[in-house]
Structure formats: structure tokens, C-alpha cells
Amino acid sequence: QVQVEESGGGSVQAGGSLKLTCVAAGGISGRCGMAWYRQAPGNERELVSRIFAQGQTTYVESVKGRFTITQDYVKNKNTVYLQMDGLKTEDTAVYFCAAEIIPRNHRTCQTYWGRGVQVTVSS
């Protein structure tokens, strides 16, 4: 069974950096991509960045030039990183990892979510 776990959240001052890590493992037959979402209090969850299996990346406009998404893949384990530099107070949110995985005995991608990690940026 696919399990997704994030790590690396924390508290930093504005201008600082954090690196988030997400590992998706177990029961993986194939992969479509990995993504990071975030949700601030009172706001809807938004897509921050996505990386496809072939390596193409997308970013929401507000983080372009500051955040970098990368990935590693070994059999049955997919890891995605989000390097966050130049953090701003408006980046404060819970960050969720979404693994778009083809599980065993399936033919299409399904999305598996992590529990989220808190990122707090203070002024």
C-alpha cells in the first residue's frame, strides 16, 4: 500500500530557507508525478509546485524564482524535495505532499496525500 510522509517543516524568519522532503513508498507500480500544495488558515488549498515523472516542473507565480522542486526515484520509492529560499510571511501555511502514483494492480494514476507539515515564516 502506498504511504506518503512529509518532513522538514519548521519556523524561520523572513528571508530564510527550508527544505521539505516527501517520500512515497510501498506498492508502487508506476508514477505520474509529485506535487506540493499548501493551505493557510481561512484559505483554500493551492498547488505550489508539481514535478512530472519525466522531470517537467510547474510553479505557482508567487514562488517562482524562490522555490525549487526536485525528485529522486528508485524502485518502489519516490522522493520529492521542495527547496524554499527567500521565504516570506505569506508563505506560512501547512504544506501537503501529493503523490500521483500507479499502485499495483491498477492502470491509472491515483493521488495519495501526506498529513502535511507546518511552515511558519515570521517577520
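The values are calculated or read from the model by the stated rules, or taken from the named source; none is laboratory data. This one's a predicted model, so the numbers in the text were calculated from it and none came from an experiment. Neighbour counts run over all protein chains shown; Cβ positions are idealised from the backbone, glycine included. Heavy atoms of the whole protein, side chains included, go into the accessibility calculation; ligands, DNA and RNA do not. Shrake-Rupley method; radii C 1.70, N 1.55, O 1.52, S 1.80 Å.
Taken over the range 71-90, the criterion of being closer than 11 Å to residue 53 by Cα and of a type in the set (Lys, Arg) is satisfied by no residue. Elements of the type strands (runs of 3 or more DSSP E) sitting completely within the range 1-46 and holding at least 2 residues that are farther than 11 Å from residue 80 by Cα and under 10 Å from the mean Cα position of the chain (by Cα): these cover 28-39. Can you report the number of residues in the range 91-123 which are within 15 Å of the chain's Cα centre (by Cα), farther than 15 Å from residue 48 by Cβ and outside any strand (DSSP E or B)? Summing the residues that are within 15 Å of the chain's Cα centre (by Cα), farther than 15 Å from residue 48 by Cβ and outside any strand (DSSP E or B) in the range 91-123 gives 1.
Give me a count of the residues in the range 52-86 that are at negative phi and either in contact with a His (Cβ under 6 Å, 6 or more places away or on another chain) or surrounded by 12 or more Cβ atoms within 10 Å (Cβ to Cβ) (or both). The qualifying residues number 24.
The lone criterion from (1) modelled with pLDDT of 95 or more; (2) part of a strand (DSSP E or B) left unmet by residue 78 is number (1).
Among all residues of the range 27-41, there is at least one that is open to solvent by 50 Å² or more (accessible area, probe 1.4 Å) and within 18 Å of residue 119 (Cβ to Cβ).
Summed over the range 87-104, residues that are modelled with pLDDT of 95 or more, surrounded by fewer than 16 Cβ atoms within 10 Å (Cβ to Cβ) and in contact with a strand residue (DSSP E or B) (Cβ under 7 Å, 6 or more places away or on another chain) total 2.
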